[in-house]
1. Quick one: residue 441 ticks every box in (1) crowded, with 16+ Cβ neighbours inside 10 Å; (2) without any contact (Cβ under 8 Å) to a residue 60 or more places away in the chain; (3) more than 30 Å from residue 19 (Cβ to Cβ) except a single one, so which number is it?
2. What's the number of the condition residue 18 fails, among (1) assigned to a helix (DSSP H, G or I); (2) out of contact with any Leu (no Cβ under 7 Å at 6 or more places or on another chain); (3) open to solvent by 10 Å² or more (accessible area, probe 1.4 Å)?
3. Please specify each residue of the stretch 186-208 satisfying the condition of being touching a residue at least 40 places away in the same chain (Cβ under 8 Å) and part of a helix (DSSP H, G or I).
4. Find all pairs meeting these conditions: Cβ atoms under 6 angstrom apart; at least six residues apart or on different chains; first residue within the stretch 20-43 and modelled with pLDDT of 95 or more; second residue surrounded by 22 or more Cβ atoms within 10 Å (Cβ to Cβ) and acidic (Asp, Glu).
5. I want to confirm something. Restricting to the stretch 142-169 and keeping residues that are β-branched (Val, Ile, Thr) and within 16 Å of ligand 1 (Cβ to nearest atom), which single residue is most open to solvent (accessible area, probe 1.4 Å)?
6. Please enumerate the residues belonging to the stretch 171-204 that are under 20 Å from residue 5 (Cα atoms) and within 16 Å of ligand 2 (Cβ to nearest atom).
7. Could you please tell me which pairs satisfy a Cβ distance under 9 Å, a separation of 6+ or placement on different chains, a first residue in the stretch 170-181 that is open to solvent by less than 20 Å² (accessible area, probe 1.4 Å) and at pLDDT 95 or above, and a second residue that is more than 9 Å from ligand 2 (Cβ to nearest atom) and β-branched (Val, Ile, Thr)?
Amino acid sequence: MSAQDRIYLFDTTLRDGEQSPGVSLNVEEKLDIAHQLARLGVDIIEAGFPIASQGDFAAVRAIARAVKGPVIAGLCRANREDIDRTWEAIKDAESPRIHTFLATSPIHLKYKLKKSREEILVQAVEAVKYAKRFCSDVEFSAEDASRSDLDFLARVTESVINAGATVVNLPDTVGYGIPEEFGRFIQEIMSRVINVDQAIISVHCHDDLGLAVANSMAGIMGGARQVECAVNGIGERAGNAALEEIIMALYTRYDLFKKTTGINYSEIYRTSRLVSSLTGMQVQPNKAVVGKNAFAHESGIHQDGMLKERTTYEIMSPELIGVSQSQLVLGKHSGRHAFQEHMASLGFTLSEDELEKAFAGFKMIADKKKQVTNDDLEALVKDKVYAIPERFRLEYLHVVSGSTVIPTATVRLRIEDKVFHAAATGDGPVDAACRAVDRITDLYGKMLDYKLSAVGGGKDALGEVVSRIQIDGKVYAGRGLSTDIIEASVKSYVNAINKHYYEIQRRE
Ligand code: KIV
Ligand code: ZN
């Protein structure tokens, strides 16, 4: 296989994806996602924008040190201070990459940067040369490339390649491109830039017109060999091109693209679920590839066709991307060993300590449910193993609610070795319980978003609540899991408060 037959997948979930309004991940969550992206087999993980904040820097450095396999990239503007900070964060990675960017479009030059083309050209070349002093792998992004003058962009591309850029990214920053036009644009650059064979041309498309994936595929047709994208298509404004859609388009239409990737397909679904639950950004049911309905056939004609021959109405198989069809699993008599083996078959390699926590959680669920399904186990691992330290632990909850009574809740929270009780009334049982929690924590979170879903099926299904809570101006995604949906709701509220507290502690 030649490099021309390979597409390099550059995942920016932790950088552009984290720029989604209301998303804020802590270091542990970013590490979990980065490890999962490595299992998925992406080629490059953009771990963050180190100069943006102390938290970003710490997360990028932790990922660079811990995650093996993919290249670890850090973003920086085209100036020395940014580049120094990024290098500091990524230098311990197995394969580090400095990703520096500078806008090239007339609009950005005139209004944002207030610089001439010549000044931009010089700054871009200097930035790449400076980054090269530290790192052999340097990517240059011409921000707003798709609205830039083609001659100027070709000059910038040629110059940064001469300066040592290994990858030149040509983003559709504002999601303005239309597939045919964007494909031609990449083709034009490929043919105008004489040293283009000395670097990889990359695309990075935003979804403002819902065309990010289509534009990325057109970019590949035009000659791009790296695609930048994010899990579930999250990202700034309407988001980035969805990683899973690009992977599956390349796989399903190999006949057309004739390009391979290094992806472990069976990790796609798990990656999507992990990102959705840690960011609190729900995946819409009709989302391509990973939506709940992506493989659901409703009409009788379709179901009949499927029974006769699956390929009549299915172009991808759910098993390929890791959607498990077998739901039968463990019960309350299953032992630790069977549990461990089963978790390993689901892809969770747990340490002794993690196994202990997960097994204790499993026993509690198994006491309440006859059969514990794979979905329950996945949710349990997220709840117990990927959890941050619990400053506040919900120990007891009692609610009185109904159509003729004022909803009232009593809660008991443990804070280290002390317990605190509070009671409150509210507009509903969840509101009452959260108010009671507020009386103890004195934090008064504002619930911006609340989503309850059943894990798996059946009346005894576990309820999973993902909420987004604003505390002191910052938004935290909280998760809670229980067979009781009010309890799951309060747990998700307390989880968000714990994240807030944890962030403060880390900062200190
Ligand atoms: O959309 C964009 O142009 C970016 C660059 C920083 C790569 O995110
Ligand atoms: Zn972007």
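The values are calculated or read from the model by the stated rules, or taken from the named source; none is laboratory data. Every value quoted in this text rests on a predicted model; they were computed, and no experiment measured them. A quick note on method: Cβ atoms are made from the backbone with ideal geometry, for glycine too, and the neighbour counts reach across all protein chains shown. These accessible areas exclude ligands, DNA and RNA; they are computed on the full protein's heavy atoms, side chains included. Shrake-Rupley method; radii C 1.70, N 1.55, O 1.52, S 1.80 Å.
1. Here residue 441 meets the rest and fails (3).
2. Result: residue 18 fails condition (2) only.
3. Selection gives 192 alone.
4. 37/11; 42/11
5. Of all residues in the stretch 142-169, those β-branched (Val, Ile, Thr) come to 156-157, 160-161, 166-168.
Imposing the further condition that a residue be within 16 Å of ligand 1 (Cβ to nearest atom) reduces the set to 156-157, 160, 166-168.
Working: 156: 2, 157: 1, 160: 1, 166: 46, 167: 3, 168: 1 Å².
Among those residues, the one meeting the criterion is 166.
6. 202, 203, 204
7. Pairs found: 170/157; 170/186; 170/189; 170/201; 170/203; 171/203; 172/203.
Residues checked against (1) surrounded by fewer than 14 Cβ atoms within 10 Å (Cβ to Cβ); (2) of a type in the set (Phe, Trp, Tyr):
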residue: 298; (1), (2): yes, no
residue: 305; (1), (2): no, no
residue: 317; (1), (2): yes, no
residue: 340; (1), (2): no, no
residue: 348; (1), (2): no, yes
residue: 370; (1), (2): yes, no
